[in-house]
Structures are given as C-alpha cells and as structure tokens.
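The structure appears below as structure tokens.
The values are calculated or read from the model by the stated rules, or taken from the named source; none is laboratory data. Note that the structure is a prediction, hence the values are computed from the model and not measured. As a convention, Cβ positions derive from the backbone with ideal geometry for all residues, glycine included, and neighbour counts pool all protein chains shown. Side chains included, ligands, DNA and RNA excluded: accessible areas come from the protein's heavy atoms. Shrake-Rupley method; radii C 1.70, N 1.55, O 1.52, S 1.80 Å.
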Amino acid sequence: MLAKPLILGLETSCDETAAAVVGAGTRVYSNVIATQHELHRRYAGVVPEIASRAHLERILPVVREALQDAGTGFEDLDAIAVGHRPGLIGSLLVGTSAAKALAWSLGLGLIGVDHIAAHLQACYLDTDPDQPLREALGLVVSGGHTSLLHVHGPLEVQVLGRTIDDAVGEAYDKAAVILGLDYPGGPAIDRLAGRGDEHAHDLPVAMLGPDSLDFSFSGLKTALLYAVRGKPKGSGNRFERDAGDLTDAQRADFAASFQRAAVTALVAKLQRALDRVDVGTLLVGGGVSANSLLRERVETLARDRGLILRLPAPGYCMDNAAMIAGLAAARYDAGSFDDWTLSAATHSAVREGWIAI
Ligand code: KG4
Ligand code: ZN
C-alpha cells in the first residue's frame, strides 16, 4: 500500500524532463529524469527552442515510466503537481499543459508549485516523514537562482537575500567555458578543483557592504576571465592568452581558486543571516548543493552553530520532479489547489518579502 496523498509531479522548467510519484510528501516511489544535456552540449548552454521541443517528445513516456517504476497507475493518484515557475517559458508550458490535461481528464486536483521553494523540499525526500519542514534558514543555489530564505514552514517563506546579477550555478557554468571544460560546467569545475591549489589565485569574494545578505557573482566571473586570458585588447574580444595554453595543473588551480571564492561568498552570507534569524535548522538545495566544497563548508558551519543540517541526497540536488510532488503534498494537506487558469511564469514567486507558497 503506497502512502497517501499519492502525487504525480512533473518538472520541465529547463533542460530536464522529469516525472515522479511521491507518497505523503517524502516517500519517493519513482523519480524519472530524462536529461537533455547531449542536445545542448555543443552550444555550451541551454537553447530554449530545442528544450521545449524535447520536453514535448519526452513528457508522456517519462510519465508512463514514473507510474510503472512506482508500480502504480493513474487510478491510484490523488493529485497532479507541476513546477509552473520559474524557468524557460516554452519548457514550462509543456509541463503545465500536460499537468492540466492529466488532472482534468482524471478528475484530480491540480497543484502548481514554485521550483525555487521545491528545491528546499528536496532536503526532506526519503527522510523520516515524522520530521516535517520546520522553521529554518534556507539557501537555494541553482543555475538560475541564488536565494537566502527564512523558511517559516513548508508553505511560507521570507526572502532575506538574492543575487543581484548572476546565479552561482551560472557563474560555475561560465567559469567552465572560460577554462574550456565540458557542459554542464558545475560538476566539471568541482571535480577539477579537487586537484588544484585554492590559494593559487586571489579571486574576489563579493560581500556588498557590511549588512547585505545579497550575492553577486559577475565580478568573480570577469576576474577569472582576465586571470586566465589576460586583459582584453582592442574592441574587447581579443585577449593576451587562451585557455588552451594552460597546463592541466594550471587549469585545476584556477578551478580551485574560483570554487573557493564562490563558496566563501555563500557561506559568509549564511553566517550573516544566522546572526539575525533564530533558527535551529539549515536547508541547502538546488544543483550547486551537490558541490563537494559547499557541502563540506556548510557541514562545518552547522556543527559550529549547533544546527541541524539538511542537504538533499545527491540525486535530489539537480532538477527533479520528486521535489515538486513533495512540496505539493503540503498544499494538498492544506486543501489548496489551482484551477484551470494556472499558467507558466518565467519569474519565481519567491522574490521579495513574505511569500505564501
Ligand atoms: O537546480 P538545477 O539543476 O537547475 C536550475 O534550477 O537551475 O541547477 C543546475 C546548476 C548548473 O549551473 C550546474 O552547473 C550546477 O547546478 N551544478 C553544480 C554542481 N552540480 C551541478 N555546481 C557546482 N558544483 C557541482 N557539483
Ligand atoms: Zn532547479
């Protein structure tokens, strides 16, 4: 007997087509992710048109596989959930339309979930269901977002800070391009950094004034570009050197120095926030929460401050639909459903102030 409510979640915000069946918000019965990395690799980034077409081809096979893996069928489901914001509009529309069609034809409730809030819910997947999301400090670090949140409960968060320019994952991906590494860049830099000297280059850690809880990563990206390739000449796209001139050891030193600066900025803002909000739990989610140095540094921080630390299992850091279905369970329990006017939106609801999810 599968735990209730049994929710089918869909996720199509960027370049992963995903479906999952989750019971009681935390028990993951299936988690299918069809990644499109091979389609976007030659462009070193996600091409929106290619992404939406691929979602369209893959969404129904992925849903069927999720039901099959969970050993269940449409008739056992209690609701259909979808990540409907933020993301690439064409991609989000595929998931949102599929979720509406499924919910309408099956006579089930529809729940649209904010992808950013769902990344924190990933910390609770496959954990003891008796440990609900408590008041916590939450950090969401992904390819599109870097947000510091005071989490008051699963359906209520307060934005404390966010990036004023690039997201940290985006900076990782750009740094990988600068160093001539493969796409997606975050995991490549993480691996390479393990072999380098993090003090080889003194790259900037943006603090943005003594009280700021915001982040900035574009200066770090530019500093890395100039350190690797020298100063630009003439109109700006010719440089003194090329990343191809680097030895493997030099490349590793750059990766490690970049990673030290990026992670130091994230941890510094967590420390500042912890001086201001009284919480017993620290949550970190999003693709960059898979990063080995960040995981190590937040473990130390939580130990020093006597906090419970919740990090997603590695398989739930990157985009997935289990986190969408997991967060939707809280909405289901609260009797909060969406109607057929639910639409896709490029921006997160989690932007400023207090937000009801
Ligand atoms: O959450 P996510 O899957 O998608 C978005 O919502 O954006 O995050 C993807 C981001 C990419 O920028 C990727 O390079 C980064 O997460 N990432 C990492 C690591 N694994 C994924 N960044 C640093 N270290 C990693 N190990
Ligand atoms: Zn994400």
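Mean silhouette area of the chain, derived from the convex hull of its C-alpha atoms and averaged over all directions, reads 18.1 nm². Angle of helix 218-229 to the longest C-alpha principal axis of the chain, folded into 0 to 90 degrees and rounded to 10: 50°.
Note on the range 23-57 and the range 257-325: Cα centroid distance 24 Å, given to the nearest whole angstrom. When only the Cβ of Lys, Arg, Asp and Glu is charged (+1, +1, -1, -1), the dipole of the chain relative to its Cα centre reaches about 680 debye. The long axis of helix 248-276 is offset from the longest Cα principal axis of the chain by roughly 60 degrees. When the Cα positions of Val32, Ala252, Ala122 are compared along the charge dipole of the chain, Ala252 comes out farthest toward the positive end, with charges on each C-beta of Lys, Arg, Asp and Glu.
So, by mean Cβ neighbours within 10 angstrom, what's the order for 84-92, 8-16 with the highest one leading? Walk me through the numbers on the way to the answer.
On the way: 84-92: 23.2, 8-16: 28.4.
Highest to lowest by the protection proxy: 8-16, 84-92.
Where does each of 200-206, 247-253 land if you order them by average Cβ count within 10 Å, highest first? Can you show the working numbers first?
On the way: 200-206: 17.3, 247-253: 15.3.
Taking the mean over residues of other Cβ atoms within 10 Å, the ranking is 200-206, 247-253.
Any chance you could give the angle, 0 to 90 degrees and rounded to 10, that helix 89-106 forms with the longest Cα principal axis of the chain? Taking Cα atoms only, the helix is inclined about 20 degrees. Per-residue packing, averaged as other Cβ atoms within 10 Å, sorts the ranges 95-102, 139-146, 49-56 into the order 139-146, 95-102, 49-56, beginning with the highest. A convex hull fitted to the Cα coordinates of the range 277-343 yields 133 cubic angstrom per residue. Counting only protein heavy atoms and a 1.4 Å probe, the chain has 42 square angstrom of accessible area per residue.
Only lysines eight or more places from Lys174 in sequence, or on another chain, were considered; those with a Cα closer than 16 Å are Lys221.
P(r) for the range 138-312, please, calculated from all Cα pair distances in 10 Å bins and given in %. With 10 Å bins starting at 0, P(r) equals 10, 38, 33, 14, 4, 0.
Magnitude of the charge dipole for the range 138-312, about its Cα centre and with charges confined to Cβ atoms of Lys, Arg (+1) and Asp, Glu (-1), is about 100 debye.
Hey, any idea what % of the range 138-312's accessible area is carbon plus sulfur with a 1.4 Å probe?
So the carbon and sulfur contribution to the accessible surface is 47 percent.
Amide hydrogen proximity for Phe215: with H placed 1.01 Å from N in the peptide plane, the residues at 5 or more positions away or on another chain lying under 5 Å are Arg162, Thr163, Ile164.
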